[in-house]
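This report concerns only the one structure given below.
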Amino acid sequence: MTALISIISLFSMGLYVLLLIYLRIGWAKVTTPPVIAQTFSTKVTVLIAARNEEEKIHLTIEDILAQDYPKHLVEVIIVDDHSTDNTAAIISSYAAQGVKLLQLRLGETLNSYKKKAIAEAIKLSTGDLMVATDADCRMGNQWLRTIVGFYEQHDLVMISSPVTYFQEQSVFERMQTLDFSSLIGMGGAFLGHGFAATCNGANFAYRKDVFYEVGGFTGIDDLASGDDELLLHKVGERYPGRIAFLKRREAIVYTHAKPNLKEFMQQRRRWASKSTKYKNKKMVAFALSIWLCNFMLLLTAVLGIFDSCFLKLFLLTIGIKYAIDLLYMTPIMNFLKRRELLLYVSFVLPLNILYFVIIGFLGKNKKYAWKGRIVK
């Protein structure tokens, strides 16, 4: 049994190393597009689905209204998803500045309220390019022109852009920033290889006609999450090679980490629930490989308490993981100008191992709390 566990542990770690080298190469393949002076012609609709966001939504709206992009080519639609606070009133206060409020008031119970909100907003939209973000995000004034400039210079149907955390208040939140950045980098790296695997809905653009061409959220509307990643997969099947990651700092959207472990785990359960809808065998294999690597690390750590052979195996594999994680994360954190967070790699390792293994099990239990609702 010792030999078998050792073989599986070393094999899974070897596979993990190869995967991260693959991602490191993919990230390097994503070039930073040049800034080109141009006259814009694309009508843009900025989409936001909001629920109980009274504390931060005014900042998001102010950032959008301050964009350095022709005002006559920007439409802002914010859907209030059954908020019980002053979110709708705050949105309404910007009506004179062209912000449109759509109130979602449904009698029936849904799992996919956010997808419904986005779909309703797209129905009302007049733009050609939908740019989705979240109600608690911040962005610089070059955000829209950077996205649209990239869109107009290339024959693209969908653009995934970077998201990161900021204004961290604790070590735990800084650790989340590092971990979250690895996921954003992964999405960019896969697209560097031409594979549409993952993205984040807080900074996500796609053509309106393509949204309808692939059937919108039909077929993926039974899950609360997945308005980003599962839509990416649908479009990727139809338009391989015409989805790209925008690797410019001006396109970064900023949001906040979760303040405590409970909210962090709920978020990761929500994200993990999307994996039940994965159809691409490569994506399933990748997810399983990462889970197996972390499971074997946890197993050998526990067995190492009782057997020095397993302890040595654990120390060897955790050392390899630390080195390859650092190799993978360095260019991503350089891009985000958060290189100082690489100091937290050793602290993030135990968190990674535990939550990957736990979420791997809990993700199959689709029910979780989100925005005051129990959904699945």
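The values are calculated or read from the model by the stated rules, or taken from the named source; none is laboratory data. All of these numbers come straight from a predicted model, not from anything done at the bench. All Cβ positions, even for glycine, are placed from backbone atoms using ideal geometry, and neighbour counts span all protein chains on display.
Brief remarks on what is shown
- Matching residues in the range 200-238 - criterion: being touching a strand residue (DSSP E or B) at 6+ places or on another chain (Cβ under 6 Å) and of a type in the set (A, V, I, L, M): ALA202, ALA205, ALA224, VAL235
- Close Cβ contacts (under 7 Å, 6 or more residues apart or on different chains) running from residues in the range 323-344 that are under 17 Å from VAL17 (Cα atoms) to residues that are among the charged types (D, E, K, R) and surrounded by 13 or more Cβ atoms within 10 Å (Cβ to Cβ) comprise LEU327/ARG24; TYR328/ARG24.
- Only helices (runs of 4 or more DSSP H) whose full extent lies in the range 249-357 are considered here, and the ones with at least 1 residues that are among the hydrophobic types (A, V, I, L, M, F, W, C) and under 22 Å from SER6 (Cβ atoms) are 281-303, 308-335.
- Residues in the range 143-188 that are more than 29 Å from PRO259 (Cβ to Cβ) and outside any loop (DSSP other than H, G, I, E, B): LEU144, ARG145, THR146, ILE147, VAL148, GLY149, PHE150, TYR151, GLU152, GLN153, MET158, ILE159.
- Test for PHE361: is it among the aromatic types (Phe, Trp, Tyr), in a helix (DSSP H, G or I) and at pLDDT below 80: yes
- Check on LEU232, under 12 Å from the mean Cα position of the chain (by Cα), outside the structural domain of TYR355 (by TED's automatic domain parsing), hydrophobic (A, V, I, L, M, F, W, C) and in a helix (DSSP H, G or I): yes
- Selection status of PHE204, at pLDDT below 95, touching an Asp or Glu at 6+ places or on another chain (Cβ under 9 Å) and of a type outside the set (A, V, I, L, M): no
- Selection of the range 27-49 for residues being buried (at least 21 other Cβ atoms within 10 Å of the Cβ) and either in a helix (DSSP H, G or I) or aliphatic (A, V, I, L, M) (or both) yields TRP27, VAL44, VAL46, LEU47, ILE48, ALA49.
- Looking across the range 50-86 at every residue that is in a helix (DSSP H, G or I) and in contact with a strand residue (DSSP E or B) (Cβ under 8 Å, 6 or more places away or on another chain), the one that is surrounded by the most Cβ atoms within 10 Å (Cβ to Cβ) is identified as ILE57.
- Some residue of the range 126-143 being in contact with a strand residue (DSSP E or B) (Cβ under 7 Å, 6 or more places away or on another chain), farther than 20 Å from THR60 by Cα and surrounded by fewer than 21 Cβ atoms within 10 Å (Cβ to Cβ): yes
- Exactly one residue among ILE252, ILE290 is surrounded by fewer than 22 Cβ atoms within 10 Å (Cβ to Cβ), of a type in the set (A, V, I, L, M), closer than 30 Å to GLU168 by Cβ and modelled with pLDDT of 90 or more, and that residue is ILE290.
- Qualifying positions in the range 145-167 - within 18 Å of the chain's Cα centre (by Cα) and surrounded by fewer than 19 Cβ atoms within 10 Å (Cβ to Cβ): PHE166
- Among residues of the range 345-356 being surrounded by 19 or more Cβ atoms within 10 Å (Cβ to Cβ) and in contact (Cβ under 8 Å) with a residue 60 or more places away in the chain, the one that is farthest from VAL302 (Cα to Cα) is VAL345.
- Given (1) assigned by TED's automatic domain parsing to the domain that holds SER6; (2) modelled with pLDDT under 95; (3) not small (Gly, Ala, Ser), number of the condition LEU261 does not satisfy: (1)
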